[in-house]
Structure formats: C-alpha cells, structure tokens
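> Encoded as structure tokens, here's the structure I'll be asking about.
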Amino acid sequence: MWLTRPLQERSTQLFLGILFFALIVVTVLHLALPEGNPLHVSAYTVTLLGKYLCYALLAVAVDLVWGYLGILSLGHGAFFALGGYAMGMYLMRQIGDRGTYGDPILPDFMVFLNWQELPWYWYGFDMAWFAFAMVLLAPGALALVFGWLAFRSRVTGVYLSIITQALTFALMLAFFRNEMGFGGNNGLTDFRDILGFNLRTDATRLGLFIATGIALAIGYVVCRGIVTSKLGRVSVACRDAEARTRFLGYRVERVQLFVFVVSAMLAGVAGALYVPQVGIINPSEFSPIFSIEIVVWVALGGRATLYGAVIGAILVNYAKTVFTGVMPDAWLFALGALFVLVTVFLPQGIAGLLRKRRKSTDDGSGPSESSSTSEATA
Amino acid sequence: MSIMTELAARDRVFNFLTPTDSPVDVRHGPILYLEDVNVSFDGFRAINNLNLTIDDGELRCIIGPNGAGKTTMMDIITGKTAPDTGSVWFGSRHNLLTMSEPDIASLGIGRKFQKPTVFEALTVFENLELAMAADKRVFPTLTAQMKPKHRERIEEVLETINLQDLRDRPAGILSHGQKQWLEIGMLLMQKPRLLLVDEPVAGMTEQEMERTAELLTSLAGKQSVVVVEHDMGFVRSIARKVTVLHQGSVLAEGSMDQVSNDPEVIKVYLGEEA
Amino acid sequence: MSIPRWLTFFLMVLLMTTAGTVSAQQQDQTPEALLEQLADASPRDTEAAIKAIATSGHERARAWLEAYGNNRISQVEATGRIVIVLNNRGRDWEVADALTGENLGEMSRRDLDRIAINNAVRRQLAGVLAMLDLFAKDVAVREAAALDLLGKVDDAIVEEVTARIEEEPDAGVRNRLEEALAIYQVEEQGSLDAIEVLSGSLHPRARAALNSAVASEDPARKAAAEQALASIQQKLRLNNAAETLYFGLSLGSVLVLAAIGLAITFGVMGVINMAHGELIMLGAYTTWGMQQLLPGQPGLALILSIPAGFLVAALAGIAIERSVIQFLKGRPLETLLATFGVSLILQQLVRTVISPLNRTVVTPEWMSGSLVINDALSLTLNRMYVIGFALLVFTALMLIMRRTRLGLEVRAVTQNRAMARSMGIKATRVDIMTFALGSGVAGLAGVALSQLTNVGPNLGQNYIIDSFMVVVFGGVGNLWGTLVAGLTLGTINQLLEPWAGAVLAKIIVLVFIILFIQKRPKGLFPQKGRAAEG
C-alpha cells in the first residue's frame, strides 16, 4: 500500500519521531510547568510554533510540486489562503449573534456594508463538515481547473511560474474588493470559537497546535507515499525529461495535475489550521511576495527532500520573528540576501549539506534518497 | 480540403469506424504507412510529399544527409509534430495523426532519441521500471507494486544491455555509450511492435557497435525496427532494406548495394561522404 | 491691454451703426468724459454710459465696470473726481483714482458719493463685462471671452453679440459666438435654426439649452431638439471612444516601456529578472535625484535624467548580472528566485536610504497642460510625451538589435552560443552588454513613469507582473510582439474600466492572459521552427 510504505522507511520514522517528540515536549512544558519557570512554554509561544508548523506543511506541499515535479509554483499562497478563507467563513458563521451588530446570520462586515442577505457561496459554512470539506475542495478545484488548462497546453517552466504568480495576484485584487463578500481589505476576523471550543483559551490553542502537528505528520506521510511510489519516480521523470516520459506512454499532464491538486489541498489544510491560530485571514495572504517566500523556505531547506522544506520553513520564520522584533528594517535585507545566497551557493539547501556531511563521516547507510543509497551500495 | 471532397474521398476511413483500442492489425499489409506527408517550419519544407511503408517484422535503415527530415519524420510518427497534410497509419486501424504521444507509445511504438535521454536522477533499474509495459494511468501507477516477474524481466534486460553492475547507480553517471544502451533497454522494456531508433551507435566503441547490430538484427522478425543512422559501416552491417531521404522525401529505396550504386544517391549523399 | 487706435475707432463706428442706442457725441469722449457720463447718468442713460465705456477700448475700462458692478465707484463730493474704492470697511475708505489707478490713501466716506447701480443694470453689466474681451487683439483672449459668453447672452447684449459675429475675423471665435447666440435663441425664443446650430456643439451648456427645448410644448421644437441631442450624443460617444483609446495607448505605452527591457533580458537572453521592476524604480528615483540637484529647472533635470536614468539602471543591471545571474546560467527558476531576492534588497535599500514615503517629481511646464481638441476631448500633454517616448525607445531598440554589431552578436549568441563563441564572439561580454541594455531601458521606463505616477519604493513591484504578462502575451523573444501586446493590453484595460472599474478590469485582463497562454503558450507572435523547438 503506497500510504504505508513510508512508515517502513527509516527517514520517515525519524522525521515522525522528532515531530511527535517535539509536540509532546511542548505540551508538557506548557502544561506541567508553572508560568514563572524559565522552561515554561507560554500559550503565545505554542501558537507561534503552531504557525510555524502550518508554514512547514505549506512548504512540504510546495516541495512536492517543485522538488519532485519541477513545477515552480509562485501561487501556492493562493491555495493556502483559499483554505484559510474556507475556515474563516466557518469561524465567522460560528460567531452568530455575538458580533458587534448582533445579526444572527450576517457577519459584521456584511451588516456594515448594508447587505440584506447572505451571498449564496456563504451557505453551508455554518456546518463544520461542509466547511472542512471546502478547505480541501476549494483549493483543490482551483488547482484542478488551473492545472488542467495549463498542463494540457504544456505550459511549464518559467511560464507556469509567471502565470501562477498572475493567478494569485488576480485573486488578491479580487479579494480586496468589498463586493466579493469576503470582508475586503480587513478580511475575516474576530473569531470566537471552533467546534464549540473558545478560541481564546490556552487549551484550545494547545489543541490547535497539536492538530497542526498531526496534520503535518499526515501531510508528510502522504507526500512521502507519493514520492516513493512508482508515480513519484514518474514525477521525477516528468521533471527531468518531460518529452521522454510522454514517449514511454505516461500522460504527463495527468501526473502533473494529480500531484498539483494534492499539493494544493495540503496547502489549503495548512491555511485552514493557520487561520484560527493567528485569528485573521485577509487578502495579503494572496500577495505574490508571500508565495515566492514559501519557495525560498523550500530552497533553503533543500529541494526534493520534504524534510528539508520543514526545516527551511521553521528556520526562516523563526528568523523572521526574531528580526522583525529586534530590527524590522533589516528583515527584508536578510530575506533578499537569503534568496541570493541560497540559490547561488547552496543549491541543495541545508538537506544537501547534511547529506554531504553524513556521506563524509560514515561512508555507509545513507538516507533513503535514491542517489545516496546507490552511491553507498556501490 | 473542403468537407465534401473529404467525404467523397473513397480511401477515407472514418474515425468512428475504426476501433482505437484494438491491437494493431497487420493482416492487410504494412505496420507503418505514411502517405503524402508534408511539414514546413516557417516556409522551410522539412518533409515534402513523403511516402514510406514499413512491413511487419522488417528492419529498415534510413539514411540521408543533415536536414533530410529524418528526425522530423520520427517526430511525426510519435505524435510530437503534426504534419500540415498527409496521413500516417499504424497497422490498418490506427490513425496516428489523431493520437497523442502517450497513446501512440501505449499502442506499441517505442522511440530512442538522437541525443540519449534517460532519467538522470533515477537509477538504471528505475529507468527500466518506468519503461516497463504496464498500466500507465495515474492511480494504477500510484498503487503499483513491484512483482517478482517484473523484477525478473528488468534483470533480463539489464543483462542484455550489460548494465547489471550499475543497476543502482543514477543514470546520470553513465557514459554516453552506456546511456545509449540504457535507452535501448528502455525500448525493450516497452515491448513495442515498432521501434524507432535514432542514431543508436553514436559514441559507442567498435565492440559496442557490433553488439548493438546483433541486438537490432535479433529483434527484427518479432518486432519492426526503423533505424536512422549516419554510420555507413553500421548500416551496411545490419541493413536489409535502406531508404534514402533527401530534402524531405524518399530519394531511393532498396538494398544497400542498390542504393549505393544509385547515381542520384551518390550525387547528393554518398558522393559527398566518400 | 491696449487696443490700437484704428481698432478702437473701428469698433466705435461699428457700435454706432449697429446699436443705435449709442449717440454720436460719444465718439470723441475723453476717459474723463466717459466716467462723468456714468456718474451723471440717469438710470435710463446708464446703459448707454456703460456701453460707451465698454467700447472705448480704454485699458482701465474693465476695472471701472467691475468696480461699478461691485458698488465701488464713487465721486469725491468736493472735487467731482471719480475714484475706485479699494476698501470700504470702517469710517475711512481707501480709494484710488479711477483714471490712473493711483492710490489716493484714505478718505472719509462722508466725502464720497457712491454712484448707484440697480440690479437691472448689474445684470446688463455682467453681459457687457463678458463681452469686453471680445474686442481684444489677441485671438486667444477673444476666444476665451466668447467661450465665457456661452449661456450668458441676454436681451441686453444680444445685439452686440450678433454684431460681433459679422465682424469677427477668426472662424473659431465666430463659431463660439454663434453657439452663444444660439443658446440664447433656443432658450429665449425657441428658434429652430438655433437648435440646428447647437446640434454641432459639444459644450455642456448647449446640451442644457437643448434639454430645456426638449421640455417645450411645441412638437416641432421638441423633435428638433431631440434630434440635435441625439447627434450630440453620437459625437460625444466618438469623442469618448477617442479619449479611451488615448488613455489606452498611453497606458499601453507605459506597459511597453516597462516590458521592453524585459523583452530583451527575458525574451532574448532567457534570463528571468524579477528585479526588473526595481530597475524601473531606480530610473524614477534618478529623475527625482536630478531634480534635487537642479532645483528650479525641472525640465532640464528631466532631460538629463534620460541618459542618467539609463546609466544608473544599466550599471545596476551589470552589477546584478555579474554578482548573481552569471552563476545561475541555464537555471531559469533559480535565477528567478535570486533576482527576486535582489529586488527585495533594492526596495529596502531605497526605503532605508531615501525614504519609505513617496517622493514628488515635478512635471516641467512644457509637459503639463493639455491639448484641447474640442469641448469634450482634451489630451493631456504628459501622456502624449510618454507615448512618443515609448515609440522612440522602441524604435531605437529595434535599430540596435537589427542594425548594430551588438544586435548581431546578441542574436548570434542566443541562437547558438557555442557556435558564436567559436566565431570569436565574446559571449560573456555580449551577456553583460545585453543585460545592461535591457536594464538601461528599464531605467528609461522609470524616468517616464516618474511623470505619471508616484515615485516610491513599491513603484517597480506594481509593474513587474504586468511586464511579464506583456512579454509572455506578445511572444517571448519578439520585440514587435511586446509592442503590440503592450498597446493591446493597455487599451483593453481602459475599455473595460468604465463598466468594470479599475480593479476588476485588471483582474479580467489577468485572467484573459492566463487563459490566452493556455491556448497559445508561445504568445501572439511565437517563434517557429526547429531552433525554437529545441
């Protein structure tokens, strides 16, 4: 079974082990230690870590298409944001009549805009199952339509990157409009509770953090399952020699479409988990700069490794937190320099460094990466 | 061509009358049939009224100077390039012009490129695995399991192409000649009815060339093979029937001796090389 | 304003013969006498007195009449001198001599005898004032005066206006006067001929007059007015279309300018330079800097900015090429990421060094203002300059690529690098030169943009996606394609804007391109042939 195969891999076991260990440690340090203790992890930090894990899942999704399929999507922020909006709409409906204007049906911003009734696309979002399904289906459908059009016409490489960027840019402009019915500029915010749990309590925050960790684990296993299957090898084949793959009888566009849609759905899940933790979703998540930032997380961590994406996402965002707190002006310099340095000097990313070190220290059992295993056995 | 004349054409076989997923039908003659094919790029006629017939089980060599249209012809057969006019049939049932590259490949036409293209990031073994005849749709590929008989088949081909020792190395590290072999191996894995082989011996040593010649001749009979080659010695060593292309159309056809004595051929091609 | 004697004389004769109200004795009146006449006039004679002043051509005539209209003409009781009251607050009023304009200091208001004016006269005065400049020598002044008369013609001056039409030498002014007269005739008399005259007018006042005629009871008038309005609407639509086209072309030229540099670096060299927008920004900031260096001479600064902007952006481009892009040859996606990093750094650099706020770039006088075609259509000059500049840059680039050694080498290197090198072309040098050229053109785009939009750190970011869209839409590697694509997209955008709004128009254009690329992945003008396939 393709989904269980990764569980037998050492690298995946290691990754899951570290992830679950981290989840447990954070939970224990948060719950068991009193607030004054230097090792106590505050609710704020738990949420911050939860945010990093969302980004990590998003980065894994991008790595799946970029690393293994060779599709540099500069629009994955759009899928992330769509997932986020689906969750945001659910959370908005959960507010009910507790909003400023006290309307039982309409969210505050609609009352403010003098809308009389709920737009049709808001129907159903008061039900959790529907909203959660939309978290997967909305980004999935967009990826399906967009990907079907693009891959069918064999738009790849730089062209695809540019039009994915145009896609998220167009969506950003659209969501900025009040008439779209997604809160315009301000987006959706002032959430109260999720599945009946109050979002402002520490326990709910911890729960969301753990849920994100589990989502990351599942997302990682799904991606790993795909890349270790024969389909994963076909993906790599598409990435490196698209025409050759076609002449072997594979429908390259369908392979691309499948992986792209899976990736978009994972990005949507990441967005959906992100929104209740940060408490807001607005059109800035659609901004092209955010999408391209995701790519640099992956590049820093190391393409086509999946775990590298996780490392990259967490490192860059930790650095961002530190920088923006200490010297906010320097952050964009640092980020810009990161883009340049990683691409020029570290094309394999951190994962590449790790692999090289491991190879030089013990010339033996490498990780499951095909190239290193083969080198090791030779 | 207007619709009326198209409908009135007696030799026309309507698409809806031709079952597309049936096996290749060669009872009524050739396995590959090109008629009046024309292609031009920006006014340059790469293929000019080309007519070509390949019989089932035949080994055919195609020669011709640079720009004669050899590679373009392969592009047309495999669906990469659509001709401006003409018809291309695989067996008597499959109109190749209406099919996509993967469809044509699944039908049983394998192709080796001029520049050897293997998947460099994958191992030699994985390259062969991907080429293996199998259900190549997305979900079957996702859930595919390697069965012992598959492994045996790959091992068998590995032996044929003499790359057993490099089975788990990435294909990127292979030498040029080894890549040629690997690509031939991938062709074998596909078990095609028709092999299109573009310059198979470029970059090979004398012995490797001999083995390739042996391999290709042994394939003929069971499968049809079309070889495009520049190396005259190699062509002479395998050729039964040779077609000379010049400026996008057939200049001469026959045995190697017939062709090499044809004054036209000598003038445009052999003459220059000799 | 001085009116030559012969004209004054001419006008007087004219007024005497046509407007019988002016008596012959006024002919040789001195300015004093004119004022005396006004001061002494009984309400019945005031009209004649005003006309006498108006047609006198005296340089201070306007001042007198305006002061009169404002109740500011007074006669000093003791001397009989006519003065203009400059300040009528308080007990003592500041006055000036009406004849010379000399300030006479303050005078007790008890000593002054105000020359009274009633409302009927004041209304008449307005018309006379409006007509005053019709006697000016300068055609432009006369035209402005005639334009001002639209809707102001009334019973009091209609005869003079009619008279002026006969005598006006300039056709444009004459048409204006006819329009003014026709508005009066339509509104006051319901003349059908006048409606016919107005059907050629695009002035809003003419439409107002016709609208009033539409409301009339008389079916013939109503029908005529409706027809006239319809014909005006038709003309307005045409003018609107022309204006939209003009805006479209100007937006298109901006897109072409922004994208043409990319067409070279991306299209010809295959290098994705995400910092292209920031090179545009550098060009714009160069203009700003130039104007800081040359305060008070915005025009000169702007002209100097053209070479300076090119140079600054080209040098920045060379720096980017040498420090980043040359290491990423053949890895377009990595190049994209690295140059995006460069763009972040450049933006932040401008924010830190100059300011995060927008800077103002002055538009020189010869670029401001607009070219008035008719009442409904006027073309702003700065946009016209930008259109011209874009075409100029495009032509220059075409010539460079087609006619120069550099162009030849660039084409050679892009088509077959190894072959070009073996023929002695220094491929690295060509790379640098090409990239510098593309970057320099981005700088030129920045200079042009500084005249249209705010110059700020985000300037480039706003154009990068559009620029890529233009290049991809036009067909990579094809400068003509970029020109056509830029102008087309600009025009489409402007056509959509009226009914979709600016943002939605932009979204529609983006979606259109995304779909278009699916249909024709190689753009409007694809490069064909075997070389392009490889």
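The values are calculated or read from the model by the stated rules, or taken from the named source; none is laboratory data. Keep in mind that what you see is a predicted model, and the values were worked out from it rather than measured. We place every Cβ from the backbone using ideal geometry, glycine too, and count neighbours over all the protein chains shown. The accessibility values were calculated without ligands, DNA or RNA, using every heavy atom of the protein model including side chains. Shrake-Rupley method; radii C 1.70, N 1.55, O 1.52, S 1.80 Å.
> Of these, A:LEU335, A:LEU315, A:LEU346, which one is within 21 Å of the chain's Cα centre (by Cα) and within 12 Å of chain C (Cβ to nearest Cβ)?
Selected residue: A:LEU335, the only one of A:LEU335, A:LEU315, A:LEU346 that is within 21 Å of the chain's Cα centre (by Cα) and within 12 Å of chain C (Cβ to nearest Cβ).
> I'd like the residue in the stretch C:88-105 that is of a type in the set (A, V, I, L, M) and farther than 15 Å from C:ARG60 by Cα and, out of all such residues, is nearest to the chain's Cα centre (by Cα).
Across the stretch C:88-105, the extreme among qualifying residues is C:VAL95.
> Could you please find all residues in the stretch C:447-464 being open to solvent by less than 10 Å² (accessible area, probe 1.4 Å) and within 14 Å of chain A (Cβ to nearest Cβ)?
C:PRO457, C:GLY460
> Could you list, in sequence order, all residues of the stretch B:93-123 that are more than 9 Å from chain A (Cβ to nearest Cβ) and touching a Ser or Thr at 6+ places or on another chain (Cβ under 9 Å)?
The answer is B:ARG93, B:HIS94, B:ASN95, B:LEU96, B:LEU97, B:THR98, B:MET99, B:GLN114.
> Sticking with this one: Considering only residues of the stretch A:78-100 that are of a type in the set (Gly, Ala, Ser) and outside any loop (DSSP other than H, G, I, E, B), which is most open to solvent (accessible area, probe 1.4 Å)?
A:GLY96
> Contact list please: Cβ distance under 7 Å, first residue in the stretch A:249-267 and away from every other protein chain (no Cβ under 12 Å) and touching a residue at least 12 places away in the same chain (Cβ under 8 Å), second residue open to solvent by 10 Å² or more (accessible area, probe 1.4 Å) and part of a helix (DSSP H, G or I), pairs at least six apart or on different chains.
Close Cβ pairs (under 7 Å, with a partner that is open to solvent by 10 Å² or more (accessible area, probe 1.4 Å) and part of a helix (DSSP H, G or I)) amount to A:ALA264/A:LEU142; A:MET265/A:LEU136.
> With the structure loaded, tell me whether B:ALA105 is in contact (Cβ under 8 Å) with a residue 60 or more places away in the chain and in a loop (DSSP other than H, G, I, E, B) or whether it fails that test.
no
> Continuing with the same structure: If I filter the stretch C:493-507 down to residues being touching a residue at least 60 places away in the same chain (Cβ under 8 Å) and open to solvent by less than 50 Å² (accessible area, probe 1.4 Å), which single residue comes out as farthest from the other protein chains (Cβ to nearest Cβ)?
C:GLN494
> Return the residue satisfying two criteria in turn: it lies in the stretch B:114-128 and is touching a residue at least 60 places away in the same chain (Cβ under 8 Å) and within 21 Å of A:GLN256 (Cβ to Cβ), and of such residues it is least open to solvent (accessible area, probe 1.4 Å).
B:VAL118
> If you don't mind, another one. Is at least one residue of the stretch A:12-28 hydrophobic (A, V, I, L, M, F, W, C), part of a helix (DSSP H, G or I) and in contact with a His (Cβ under 6 Å, 6 or more places away or on another chain)?
No: zero hits.
> Return only the number of the condition from (1) of a type in the set (A, V, I, L, M); (2) open to solvent by less than 10 Å² (accessible area, probe 1.4 Å); (3) closer than 18 Å to C:THR360 by Cα that C:VAL472 does not satisfy.
All conditions are met except number (3).
> Within the set of pairs 6+ apart or on separate chains, which have a first residue in the stretch C:55-77 that is on the phi > 0 side of the Ramachandran plot, a second that is modelled with pLDDT of 75 or more and among the hydrophobic types (A, V, I, L, M, F, W, C), and C-beta atoms under 7 Å apart?
Here the result reads C:ASN71/C:ILE117, each pair linking the stretch C:55-77 to a residue that is modelled with pLDDT of 75 or more and among the hydrophobic types (A, V, I, L, M, F, W, C).
> Now for a separate question. Does the stretch C:196-203 include one or more residues that are open to solvent by less than 10 Å² (accessible area, probe 1.4 Å), of a type outside the set (Phe, Trp, Tyr), under 25 Å from C:LEU134 (Cα atoms) and part of a helix (DSSP H, G or I)?
Yes, that holds for at least one residue.
> I've got another one for you. If you check every pair at least six apart or on different chains, which have Cβ atoms under 7 Å apart with a residue in the stretch B:17-46 that is at pLDDT below 70 first and a residue that is not in a loop (DSSP other than H, G, I, E, B) second?
Pairs found: B:THR18/B:ASN95; B:THR20/B:HIS94.
> Separate question: Condition check: touching a strand residue (DSSP E or B) at 6+ places or on another chain (Cβ under 6 Å), surrounded by 13 or more Cβ atoms within 10 Å (Cβ to Cβ) and farther than 30 Å from A:ARG154 by Cβ. Does A:GLY50 satisfy that?
no
> Continuing with the same structure: Can you name the number of the only condition in (1) charged (D, E, K, R); (2) open to solvent by 40 Å² or more (accessible area, probe 1.4 Å); (3) within 27 Å of C:VAL256 (Cβ to Cβ) that C:GLU321 fails?
(2)
> Residue by residue through the stretch C:262-305, note down the ones that are over 26 Å from C:ASN478 (Cβ atoms) and of a type in the set (Val, Ile, Thr).
C:THR286, C:THR287, C:ILE303
> Another question, if that's okay. Could you please find all residues in the stretch C:54-87 being over 41 Å from the mean Cα position of the chain (by Cα) and either open to solvent by 40 Å² or more (accessible area, probe 1.4 Å) or under 29 Å from C:ASP138 (Cα atoms) (or both)?
The answer is C:GLU77, C:ALA78, C:THR79, C:ARG81.
> Filter the helices (runs of 4 or more DSSP H) completely within the stretch A:101-220 down to those with at least 3 residues that are modelled with pLDDT under 90 and crowded, with 16+ Cβ neighbours inside 10 Å.
A:157-176
> Next question, about the same structure. In the stretch A:28-47, how many are β-branched (Val, Ile, Thr) and crowded, with 17+ Cβ neighbours inside 10 Å?
The total comes to 3.
> If you don't mind, there's one more thing I want to ask. Look through B:LEU196, B:LEU215, B:LEU188 and report the one residue that is of a type in the set (A, V, I, L, M) and open to solvent by less than 10 Å² (accessible area, probe 1.4 Å).
None of the others qualify; the one that does is B:LEU196.
> Then there is this: Anything in the stretch C:409-427 that is open to solvent by 60 Å² or more (accessible area, probe 1.4 Å) and either under 17 Å from C:GLY330 (Cβ atoms) or assigned to a helix (DSSP H, G or I) (or both)? List them, or say none.
C:ARG411, C:THR414, C:GLN415, C:ASN416, C:ARG417, C:ALA418, C:MET419, C:ARG421, C:SER422
> Also, I was wondering about something else. Test each condition in (1) outside any helix (DSSP H, G or I); (2) under 19 Å from C:VAL342 (Cα atoms) for C:GLY296 and report the one that comes out false.
(2)
> Exactly one of (1) more than 9 Å from chain A (Cβ to nearest Cβ); (2) among the hydrophobic types (A, V, I, L, M, F, W, C); (3) open to solvent by less than 30 Å² (accessible area, probe 1.4 Å) is unmet by B:LEU142. Its number?
Here B:LEU142 clears every test but (1).
> Let me confirm something: among C:ARG110, C:ARG122, which residue is basic (Lys, Arg) and either surrounded by 15 or more Cβ atoms within 10 Å (Cβ to Cβ) or more than 13 Å from C:ILE50 (Cα to Cα) (or both)?
Going through C:ARG110, C:ARG122 in turn, the sole match is C:ARG110.
> Any residue that is within 14 Å of C:LEU262 (Cβ to Cβ), hydrophobic (A, V, I, L, M, F, W, C) and modelled with pLDDT of 90 or more - is there at least one of those in the stretch C:453-461?
Checking the stretch C:453-461: not a single residue is within 14 Å of C:LEU262 (Cβ to Cβ), hydrophobic (A, V, I, L, M, F, W, C) and modelled with pLDDT of 90 or more.
> Here is a further query. Against the definition (touching a Lys or Arg at 6+ places or on another chain (Cβ under 9 Å) and of a type in the set (Gly, Ala, Ser)), how does A:SER153 come out, yes or no?
yes
> Between A:PHE323, A:PHE258, which is over 15 Å from the mean Cα position of the chain (by Cα), at pLDDT 95 or above and open to solvent by 20 Å² or more (accessible area, probe 1.4 Å)?
Just one listed residue meets the conditions, A:PHE258.
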